[in-house]
Amino acid sequence: MTTAPANIAFLFPGQGSQAIGMGKELAGKYPVARQTFDEADDALGFKLSQFCFAGPEEQLRLTEITQPAILTASVAAQRVLDENGLRASVVAGHSLGEYSAHVAAGTFSFADAVRTVRNRGKYMQEAVPVGVGAMAAILGLDLDQVAALCIDAAQAEVCEPANINSPGQIVISGHAAAVARALPLALERGAKKAVLLPVSAPFHCSLMKPAQDLLAADLGALKFHSPRLPVVCNVDAALVTDAERSRDALMRQVTGPVKWEQSVRRLIERGVHTFVEVGPGKVLWGLMRQIDRTQTCLHTGDQASLQKTLEHFAAASV
């Protein structure tokens, strides 16, 4: 049993962190992780676990598979941490990861979450025909500069900041032509890099309104509870502690920007200095190093990283 500090945040990753084999080690070693994958398989009516453990990659990359897969791998890891006595005092998740955070906080059931994010992925993919939208990463400009850049590139189309990830790393989203116009403008205005991202749809912009409307109906039908611990919502970078605000934030998140840097800074202001990325990959761990390198940040996605995290807290408690 590990003794955790009183103020620890769990951070849950979003789309892009998927990899074949995610969750397989934990499911093989910890019954609670295996049960999580079994629960997802039952909730969806197909073997999501096999896509996570063995691929194929082209299937795992499909948004309606990717989203429940990352959610399941993340919740499995969180449940293993919980069994080992490591619990958060506050949680946050990047985009899709906000659903994992709410499962950890008890806002809704895991089975409801896994079905909802599968639909979320499907709605987001279908909202805009392939090729009509695009996303790009802009490195080296601040938010005000990127917002002005988007206005100038839009030319009556959609071009908006979508992910404010860290100082100098902002993702924009919108019509493909508008995003393409933004790239040379960004470089002219001092960006270190401006590159299109290999995504299948323009997430987190107003083009996602059809998906938001469909998801609002699904979320409206779900049973929400007040979170047992505060959840930082992406769209406002604010702590939510009641059921209806949680539902509203998840609905608005589809067309709203992911204010990740602001969310992390809100946690630091709250006195959190220890962060654990829970789930596949190390994307949020990397962003934390860009936001504030003075914070302690660990990650837990496989047996080796889990062991390292548990050892860190065991040593800290001594």
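The values are calculated or read from the model by the stated rules, or taken from the named source; none is laboratory data. On a predicted model such as this, the values are computed, not experimentally measured, just so you know. A quick note on method: Cβ atoms are made from the backbone with ideal geometry, for glycine too, and the neighbour counts reach across all protein chains shown. Areas reflect the complete protein model, heavy atoms only, side chains present, ligands, DNA and RNA absent. Shrake-Rupley method; radii C 1.70, N 1.55, O 1.52, S 1.80 Å.
Against the condition at pLDDT below 95, open to solvent by 10 Å² or more (accessible area, probe 1.4 Å) and either closer than 30 Å to G190 by Cα or basic (K, R) (or both), how does G131 come out, does it pass? It is true that G131 is at pLDDT below 95, open to solvent by 10 Å² or more (accessible area, probe 1.4 Å) and either closer than 30 Å to G190 by Cα or basic (K, R) (or both). The condition of being farther than 28 Å from A221 by Cβ and in a helix (DSSP H, G or I) does not hold for A113.
Of the residues that make up the stretch 276-285, is at least one at pLDDT 95 or above, under 24 Å from L306 (Cβ atoms) and more than 16 Å from the chain's Cα centre (by Cα)? There is no residue in the stretch 276-285 that is at pLDDT 95 or above, under 24 Å from L306 (Cβ atoms) and more than 16 Å from the chain's Cα centre (by Cα). The set of residues in the stretch 229-238 being over 19 Å from H204 (Cα atoms) and open to solvent by 50 Å² or more (accessible area, probe 1.4 Å) is empty. Please enumerate the residues belonging to the stretch 120-157 that are acidic (D, E) and either in contact with a Pro (Cβ under 6 Å, 6 or more places away or on another chain) or in a loop (DSSP other than H, G, I, E, B) (or both). Once the filter is applied, which keeps residues that are acidic (D, E) and either in contact with a Pro (Cβ under 6 Å, 6 or more places away or on another chain) or in a loop (DSSP other than H, G, I, E, B) (or both), the stretch 120-157 yields D142, E157. Whenever a residue of the stretch 48-74 is more than 15 Å from G14 (Cβ to Cβ) and among the polar types (S, T, N, Q), its partners that are open to solvent by less than 60 Å² (accessible area, probe 1.4 Å) and part of a helix (DSSP H, G or I), lying with C-beta atoms within less than 6 angstrom and at least six residues away or across chains, give the pairs S49/F37; S49/D41; Q59/F51; Q59/I65. Can you name the residue in the stretch 40-56 that is open to solvent by 30 Å² or more (accessible area, probe 1.4 Å) and closer than 21 Å to V199 by Cβ and is also nearest to the chain's Cα centre (by Cα) among such residues? Checking each candidate, the answer is F51. Here the condition is being over 17 Å from I20 (Cα atoms), touching a helix residue (DSSP H, G or I) at 6+ places or on another chain (Cβ under 7 Å) and open to solvent by 10 Å² or more (accessible area, probe 1.4 Å); of A113, A136, A92, A104, it holds for A104 alone.
For the condition open to solvent by less than 70 Å² (accessible area, probe 1.4 Å) and touching a Phe, Trp or Tyr at 6+ places or on another chain (Cβ under 9 Å), what is the one hit in S305, S246, S317? Before you say what the answer is, go through the steps one by one.
Values: S305 fails: touching a Phe, Trp or Tyr at 6+ places or on another chain (Cβ under 9 Å); S317 fails: touching a Phe, Trp or Tyr at 6+ places or on another chain (Cβ under 9 Å).
Checking each option against the conditions leaves just S246.
When the residues of the stretch 8-39 are filtered to those that are under 14 Å from Q78 (Cβ atoms) and small (G, A, S), the one that is surrounded by the fewest Cβ atoms within 10 Å (Cβ to Cβ) is A27.
Checked against the criterion of being open to solvent by 20 Å² or more (accessible area, probe 1.4 Å), among the acidic types (D, E), at pLDDT 95 or above and touching a His at 6+ places or on another chain (Cβ under 6 Å), the stretch 144-164 contains one or more residues that satisfy it. Picking from residues in the stretch 57-82 that are open to solvent by 30 Å² or more (accessible area, probe 1.4 Å) and at pLDDT below 95, the one that is nearest to T107 (Cα to Cα) is E64. May I ask you to verify whether A176 is small (G, A, S) and modelled with pLDDT under 95? So A176 does not fit the description; no.
Here is a yes/no grid of residues against (1) within 14 Å of H102 (Cβ to Cβ); (2) touching a His at 6+ places or on another chain (Cβ under 9 Å); (3) surrounded by 23 or more Cβ atoms within 10 Å (Cβ to Cβ):
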| residue | (1), (2), (3) |
| --- | --- |
| P202 | no, yes, yes |
| A211 | no, no, yes |
| Q262 | no, no, no |
| V272 | no, no, no |
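The single condition among (1) part of a helix (DSSP H, G or I); (2) touching a helix residue (DSSP H, G or I) at 6+ places or on another chain (Cβ under 6 Å); (3) surrounded by 16 or more Cβ atoms within 10 Å (Cβ to Cβ) that E98 does not satisfy is (2).
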